[in-house]
Amino acid sequence: MLDLKLIRERPEEIAAQLRRRGDSYDLEEILQLDSRRRELLRQIESLSHQRKSAQNEVARRRQQGQPCEELLASLKAIAEQLRSMEDELQEVEHQLNERLLLLPNLPHPSVPDGATEEANVEVRRWGTPQPKEFRRDHLEIASHLGLLDFPRAAKVSGSGFVFYTGKGAQLERALLNFMLDFHIQRHGYQEVFPPFLVTPKAMQGTGQLPKLREDMYHIEHDDLYLIPTAEVPLTNYYADEVLPAEKLPIKLCGYSACFRREAGSYGRETRGLVRMHQFNKVELVKFCRPEESYEELEKLVAEVEELLQALGLVYRVVVLCAGDLGFASAKTYDLEVWSPCQQRWLEVSSCSNFEDFQSRRAGIRYRPAPGEKPRFVHTLNGSGLATPRLMVALLEQCQTPDGAISIPEPLRPYCGFDIIR
């Protein structure tokens with residue numbers, strides 16, 4: 001959520017920053033609601049003062065045996081006015097909050113201009129993209145080796161789901177355990193195994209609600225949502241808390257299954273593992289001081305890169321333009337692996353700095369020093385990694401001319417085999 005004080009003090013500047021995202025946001029209604037809210041607060045404060053003075057005068061007159069009927073009638077009128085104004089204030093604050101929740105985060109000044117992903121800027125790459133040559137695509141090789149079963153998953157759950165089978169299931173499990181251990185042991189993350197169902201308040205805290213409601217799976221009977229990413233429960237782990245400054249940065253990682261309706265994905269590539277309704281992911285979340293958040297973002301990207309390099313996969317790092325940013329992000333780097341068979345890059349991780357956008361919604365603060373007023377922390381998160389497209393890259397990049405899959409060295413102790421043939 002954006003700081004209302006900033007909108008009030010610099011509306012034209014905020015509107016200009018929001019326009020960088022490619023949409024026009026009218027702040028006038030927010031400013032009018034804010035003005036009415038502050039006027040109601042002033043009037044309520046004034047009436048409350050009048051009521052207190054009148055109550056004191058009634059008490060004095062009664063002590064002295066003096067009549068106070070007129071004052072009592074005045075008190076009744078003041079009470080009715082206060083009730084009416086408080087009801088209006090509650091409604092105005094509700095409307096104001098609803099409109100603030102629909103405003104996206106402001107792009108950081110270092111984010112490149114542009115409206116679509118074509119304006120994203122490649123920062124660096126690691127390795128040389130391989131030609132297709134002898135390689136079968138991930139669906140063909142997985143079917144040949146008995147690693148994935150889409151037809152039976154469609155029979156059970158519909159499209160957008162998959163059974164990992166045999167060594168495919170073992171490889172998926174190996175990837176998850178390897179990635180968790182990698183980030184815990186090498187990068188100092190604390191592991192948290194989160195719930196997969198969360199409340200609407202938690203989804204609102206990280207920015208999925210109300211804007212992205214159509215992409216979420218909602219369990220109406222219990223009013224709970226299946227998580228689209230472990231970012232939601234991990235970030236909300238500290239909701240409505242004041243964190244000790246000396247503990248920052250706090251670094252959490254966790255595995256979760258992720259569930260996405262992909263309601264806005266019509267026409268996009270959906271073949272095989274590229275876009276799924278359910279998939280597995282290891283998530284990395286950081287809570288840090290505002291002045292350290294962009295340094296922590298660069299560290300986060302480097303940590304994910306180190307993992308991809310350990311697996312020996314060709315990848316690149318791209319900084320997203322303003323128009324391609326996620327709703328809550330101020331700056332995002334995508335890490336994309338190479339698909340030799342599709343001859344294109346596939347995103348496997350987004351590393352984002354949300355600044356205080358999420359912490360303001362979720363109420364996550366820290367106290368800079370004893371006695372000082374609490375401030376909102378900055379939150380960051382990144383996939384470390386999502387497995388479906390990672391599996392695509394492994395099956396295609398690690399394929400041998402005879403149609404086998406050579407398992408990257410670090411994964412072998414986790415899955416118990418060196419090659420799949």
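Over region 59-186, one equal point on each Cα, no solvent: what is log10 I(q)/I(0) by the Debye formula at q = 0.10 Å⁻¹?
So the normalised log intensities are -0.77.
For the chain, set up a Gaussian network in which alpha carbons nearer than 10 Å are linked by springs, and say which option among His94, His108, His218 fluctuates the most.
For the chain, modelled as a Gaussian network with Cα springs under 10 Å, the answer is His94.
Please label the shape of region 353-421 as rounded, prolate or oblate, based on the square roots a ≥ b ≥ c of the eigenvalues of the alpha-carbon gyration tensor (a/c under 1.5 means rounded; beyond that, a/b larger than b/c means prolate, else oblate).
Verdict is prolate for region 353-421.
At 0.36 nm per residue, minus the direct Cα-Cα distance, what do Arg173 and Ala404 gain on full extension? Give it in nm, one decimal, please.
Stretched fully, the Arg173-Ala404 segment lengthens by 81.2 nm.
For region 182-277, build the convex hull from the C-alpha positions and give me its volume per residue in Å³.
Given the Cα convex hull of region 182-277, per-residue volume reads 129 Å³.
Suppose the chain between Gln185 and Glu133 were pulled fully straight at 0.36 nm per residue; how much longer would it get relative to their current alpha carbon spacing?
15.0 nm
According to a simple spin-label model (label point 7 Å from Cα along Cα-to-Cβ), what is the distance in nm between Ala154 and Ile219?
Each label point lies 7 Å from its Cα, and together they span 2.9 nm.
Could you report the chain's accessible area per residue, 1.4 Å probe, as an integer in Å²?
It amounts to 48 Å² per residue over the chain.
Taking every DSSP beta bridge with both residues inside the chain, roughly what % is antiparallel (nearest 5)?
90 percent
To the nearest 0.05, what FRET efficiency results for Asp418 and Arg375 with a Förster distance of 51 Å applied to their C-beta separation?
That pair, Asp418 with Arg375, gives E of 0.50.
Which of Gly254, Gly326, Gly382 moves the most in a Gaussian network model of the chain with Cα springs under 10 Å?
So, out of Gly254, Gly326, Gly382, the one fluctuating most is Gly326.
Using the alpha carbon gyration tensor of region 128-206, what are the three equivalent-ellipsoid semi-axes (square root of 5 times each eigenvalue), largest first, in whole Å?
Whole-Å semi-axes of the equivalent ellipsoid: 30, 22, 14.
Let's see if you can work this out: charge +1 on each Lys and Arg Cβ, -1 on each Asp and Glu Cβ, no other charges. What is the dipole magnitude of region 338-421 about its Cα centre, in debye to the nearest 20?
580 debye
Measure nothing fancy, just the Cα-based angle from helix 69-101's long axis to the longest principal axis of the chain, in degrees from 0 to 90, nearest 10.
Here the helix axis deviates by roughly 20 degrees.
Give me the percent relative contact order of region 333-421, please, defined on Cα pairs under 8 angstrom at least 6 residues apart.
25 percent
To the nearest 10 degrees, how steeply does helix 28-63 sit against the main Cα axis of the chain, on a 0 to 90 scale?
40 degrees
As a test of the definition: which semi-axes, in Å, follow for region 73-124 when you take the square root of five times each eigenvalue of its alpha carbon gyration tensor? Largest first, please.
Calculated on Cα positions only, the semi-axes equal 51, 9, 6 Å.
Taking the Cβ of Gln66 as the center, what net charge do the other residues with Cβ under 12 Å away carry, scoring Lys and Arg +1 and Asp and Glu -1?
Summing Lys and Arg as +1 and Asp and Glu as -1 gives 0.
I'd like the per residue volume of the convex hull spanned by the Cα atoms of region 341-381, given in cubic angstrom.
Per residue, the Cα convex hull of region 341-381 comes to 77 Å³.
In whole angstrom, how long is each semi-axis of the equivalent ellipsoid of the chain, when you take the square root of 5 times every eigenvalue of its Cα gyration tensor and sort them from largest down?
53, 21, 21
Give me the percent of DSSP beta bridges within region 186-309 that run antiparallel, rounded to the nearest 5.
90 percent
Taking the Cα centre as origin and putting +1 on Lys and Arg beta-carbons and -1 on Asp and Glu beta-carbons, what dipole magnitude results for the chain, to the nearest 20 debye?
Charge dipole of the chain: 540 debye, to the nearest 20.
Assuming 0.36 nm per residue, please report the length gained on full extension of the stretch Gln90 to Glu117 beyond their Cα-Cα distance.
5.6 nm
What is the calculated FRET efficiency for Leu72 to His49, with r their C-beta to C-beta distance and R₀ = 25 Å, to the nearest 0.05?
0.90
When the accessible area of the chain is split by element with a 1.4 Å probe, what percent falls to carbon and sulfur?
47 percent
Evaluate the relative contact order of region 374-421 (contact order divided by residue number), counting alpha-carbon pairs under 8 angstrom at least 6 apart; express in whole percent.
Value for region 374-421: 24 percent.
The values are calculated or read from the model by the stated rules, or taken from the named source; none is laboratory data. Source: prediction; values computed, not measured. Ideal geometry is used to build each Cβ from the backbone, glycine not excepted, and the neighbour counts take in all protein chains shown. Keep in mind that these areas ignore ligands, DNA and RNA; they rest on the heavy atoms of the full protein, side chains included. Shrake-Rupley method; radii C 1.70, N 1.55, O 1.52, S 1.80 Å.
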